[in-house]
Amino acid sequence: GYLRATGPLPAMVEKYVGPQVIQILNIDLEQFVASGNRYGFFLQPLSDIHLNPGIQQDFKPPTDRKYIFIFSIVSLFIIIVAGINYMNLSTARSVNRSREVGMRKVAGSPRHLLIGQFLLESVLLCIIALIFAVLLVEIMLPFYNNLLQLNLSMPYFSQWYIIPGLILIAFLVGLFSGSYPAFFLASFKPVSVLYGKLKMGLSGVHIRSMLVIFQFIITIALILSSFIVYRQINFMVNKDLGFEKEMQFVIRRTDALKNSIVSFRQELEKIPGVISSTNSTAIPGYPNNHNGFLMEGQTADKTYMMQVNWTDYDYLKTCLLYTSDAAD
């Protein structure tokens, strides 16, 4: 908004904008601000131009942080589902490894070493999965960029922390996935195992049931979310915008033609297939700028900000009212 603090920017607004406000609206700058209007200069950190939609800049459209947060949550849920699935599969295969655990305990292997062994196996599996995931990303990324017209890349060696960070994630996922199976397998009693009297306790059954239920809850939530996103995207793609954007061609920076724009339009309409042409400061779907307006009969302190687009007489016919029926 309008900056009242001392400094060069507010002083510049008061010096150069204040007289213009008085001349156009017949009120001073204080009254202009008090009536709910804003006018001022802002300093924007360059580090925010990529992830702050509120920053005005012309480098590229910024990405909202909330989308990164949403995708991060979704990826975390997928990892949790995969980890729970590994827990369930490992405990389901516990009978196959029960004799191994019993023989190791009879041979004198302490419980903490057995837990460490199963955790190490889980971590190694996650590191192997990480290697395959990186290879799969490198193979599929060109197709993904071509499909969505993007230029994404994975600069693994551009920062020192990327490779260690990936290994750390694999290590943490391995500990999470292998924690319950490791403690579960290490808790087997060697006598019961060797005599074939291994039984699943009620607590183990309850934990597995809870894990399966939690896994299904997350999976159903992800499926429903994907369905909602699909419906939203389908709506945006198929929504009738009121004009046929596929049959319109935009030539930017035509303001350089100045007074020759009319002649330029006449030459364009001589091209076969060109039905109509127009000149404007903005195209449908893109904002232009905002101006303050006064309503007839109201006082000067009641101004309204409205989006303005300067056009010629053929704008509606060319941009908004042209349909396939009109072409027929």
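The values are calculated or read from the model by the stated rules, or taken from the named source; none is laboratory data. Everything numeric in this text was worked out from a predicted model, so none of it was measured. Positions of Cβ are generated from backbone atoms using ideal geometry, with glycine treated the same way; all protein chains shown enter the neighbour counts. Surface accessibility is based on the protein's heavy atoms, side chains included, excluding ligands, DNA and RNA. Shrake-Rupley method; radii C 1.70, N 1.55, O 1.52, S 1.80 Å.
Structure notes:
- Residue in region 232-245 that is open to solvent by 60 Å² or more (accessible area, probe 1.4 Å), under 30 Å from Ile22 (Cα atoms) and modelled with pLDDT of 75 or more present: no
- Of the residues Phe249, Phe293, Phe264, the single one that is hydrophobic (A, V, I, L, M, F, W, C), in contact with a helix residue (DSSP H, G or I) (Cβ under 8 Å, 6 or more places away or on another chain) and over 30 Å from Leu76 (Cα atoms) is Phe264.
- Close pairs from region 104-126: first more than 13 Å from Ala170 (Cβ to Cβ), partner open to solvent by 90 Å² or more (accessible area, probe 1.4 Å) and modelled with pLDDT under 85, Cβ under 7 Å, at least 6 apart: Leu114/Arg104; Ile115/Phe183
- Check on Val21, touching a helix residue (DSSP H, G or I) at 6+ places or on another chain (Cβ under 6 Å), under 23 Å from Met305 (Cα atoms) and at pLDDT 75 or above: yes
- Residues of region 266-282 classified as part of a helix (DSSP H, G or I) and open to solvent by 50 Å² or more (accessible area, probe 1.4 Å), total: 2
- Applying the set (1) modelled with pLDDT under 85; (2) in a helix (DSSP H, G or I); (3) of a type outside the set (A, V, I, L, M, F, W, C) to Arg252 leaves exactly one unmet item: (2).
Conditions tested, residue by residue: (1) assigned to a helix (DSSP H, G or I); (2) over 30 Å from Met103 (Cβ atoms).
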| position | (1), (2) |
| --- | --- |
| Ile115 | yes, no |
| Val123 | yes, no |
| Asn145 | yes, yes |
| Met154 | no, yes |
| Phe171 | yes, no |
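- Qualifying position, being among the hydroxyl-bearing types (Ser, Thr, Tyr), touching a residue at least 24 places away in the same chain (Cβ under 8 Å) and within 30 Å of Ile27 (Cα to Cα), among Thr299, Thr303: Thr303
- Any pair with Cβ under 8 angstrom, 6 or more apart, that starts in region 22-33 at a residue that is under 13 Å from Leu294 (Cβ atoms) and ends at one that is part of a helix (DSSP H, G or I) and at pLDDT below 75: Phe32/Leu25
- Total residues in region 299-328, condition in a loop (DSSP other than H, G, I, E, B) and modelled with pLDDT under 75: 8
- Residues of region 176-206 satisfying the condition of being surrounded by 15 or more Cβ atoms within 10 Å (Cβ to Cβ) and modelled with pLDDT of 80 or more: Phe176, Ser177, Gly178, Ser179, Tyr180, Pro181, Ala182
- Which numbered condition Ile223 fails, given (1) open to solvent by 100 Å² or more (accessible area, probe 1.4 Å); (2) at pLDDT below 85: (2)
- Hey, Val250 open to solvent by less than 100 Å² (accessible area, probe 1.4 Å) and under 32 Å from the mean Cα position of the chain (by Cα) or not: yes
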